[in-house]
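Take a look at the structure set out below.
Just so it is clear, none of the values below were taken in a lab; they were calculated from the coordinates. No experiment lies behind these values; they were computed from the predicted model shown. Note that each Cβ is placed from the backbone with ideal geometry, even for glycine, and that neighbours are counted across all protein chains shown.
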């Protein structure tokens, strides 16, 4: 009987590398798509309207401010911010967005579908497209509020997709992808922003 050919070391190395890649993909997929319970918080239409009214007032006051020496604090309660953000951010891709004001951090959490309006655009309806359409990933983004170019922004410090923690520098587009910066307007009278006692405090110049 002819002797069996031994598998070359290169072939074995290739199989090991392939196994590591497949295992890594499976591990990341299980972490990302693992079910994570989203802690729901209270919201109301009245609270969202109150938050919007304060922002509108800030925009009006901006046109009337001439003396940039005196300041005043405008307080947004956690319920106001949370209710307003839900109205602002929920769309076809992002669902159940909640905001938690914790010490000096703002934590966004919710569900989103990374495939809608991207992968699925123009795709014919089939089993795979149906599965992708129903795919939802839990996210949690720990941010710090700041003022940049006369605008309130939330700068990411930690990002969690499912149970997978991702350093923000590896996903710089995540906030844009999820639309997690609801303060779209620039207001030149904004001086600083911080969190005190579970409320977002915006300090503005005022005459």
- Pairwise FRET efficiency - residue 87 versus residue 10, Cβ, R0 = 41 Å, nearest 0.05: 0.10
- Query: What is the stretch 24-106 by shape, rounded, prolate or oblate, if you read a ≥ b ≥ c off the alpha carbon gyration tensor as root eigenvalues and call it rounded for a/c under 1.5, prolate for a/b larger than b/c, and oblate otherwise?
  - Reply: prolate
- Message: Suppose the chain between residue 201 and residue 148 were pulled fully straight at 0.36 nm per residue; how much longer would it get relative to their current alpha carbon spacing?
- Response: 17.5 nm
- Message: Taking 35 Å as R0, compute the FRET efficiency from the Cβ-Cβ separation of residue 111 and residue 71 and round it to 0.05.
- Response: 0.35
- Message: I'd like the FRET efficiency for residue 191 and residue 95, computed as 1/(1 + (r/R0)^6) with the beta carbon distance as r and R0 of 35 Å, rounded to 0.05.
- Response: 0.50
- Query: At what distance in nm do the modelled label points of residue 31 and residue 169 sit from each other, each positioned 7 Å from its Cα along Cα→Cβ?
  - Reply: 1.8 nm
- Multiply the residue gap between residue 134 and residue 19 by 0.36 nm, knock off their C-alpha separation, and tell me the result in nm, one decimal place. 38.5 nm
